[in-house]
Amino acid sequence: MNTNHLALVLLLSTVPVSAIAAQSAPLAKVGQARATQAHTPAKGSQERKAITNALRVVAKTMSGLDVVFVVSHLKVNGNWAWVEADPQSVDGTQHYEPMSGLLASKNGRWVYLEGFPEGAICEEDPDCADSERYFQKLGQKYPALSPDIFPRR
């Protein structure tokens, strides 16, 4: 594991969400009405860029790294999104720990709320070992979100 890789992993688990939310990315012009079904924003769309830019702010804030993402899962329903992505250096030569997270559209901006816990945190929380339980817990914490944004495992 290279130093940048380790730094990103350690920082993802230690930076408070409030520090990241203050630097969230602006939301592209997207309909504010709650969708009836989750959708995946098209590559290159303003919606997708706004969401990945919010995630990019998290990576930059936590590690100081400029990254691009290879997105493996992105679903949006209304003002809620769940993303899973593999960050890498802009030139593609360095690859870092995968990132995931729940984002919400607040006041015209996508804001990163929280990501799937990793490492030592999961050793103390049995919900980490079971993604379905973790997603149910998120649904209880954020009752307005639609569970169809989460990946099916």
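The values are calculated or read from the model by the stated rules, or taken from the named source; none is laboratory data. All values derive from a computational prediction rather than experimental measurement. Note: ideal-geometry Cβ built from the backbone for every residue, glycine included; neighbour counts use all protein chains shown.
Some values worked out for this structure:
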read-out	value
Pairs with Cβ under 8 Å, 6+ apart, first in segment 92-105 and touching a residue at least 24 places away in the same chain (Cβ under 8 Å), second of a type in the set (Ser, Thr, Tyr) and in a loop (DSSP other than H, G, I, E, B)	LEU102/TYR142; ALA104/TYR142
Tally of residues being part of a helix (DSSP H, G or I) and either of a type in the set (Asp, Glu) or in contact with a strand residue (DSSP E or B) (Cβ under 8 Å, 6 or more places away or on another chain) (or both) across segment 39-49	2
Subset tally (residues that are of a type in the set (D, E, K, R) and assigned to a helix (DSSP H, G or I)) for segment 50-78	2
Residue within segment 88-100 that is closer than 16 Å to PHE150 by Cα, outside any helix (DSSP H, G or I), modelled with pLDDT of 95 or more and touching a Gly at 6+ places or on another chain (Cβ under 8 Å) present	no
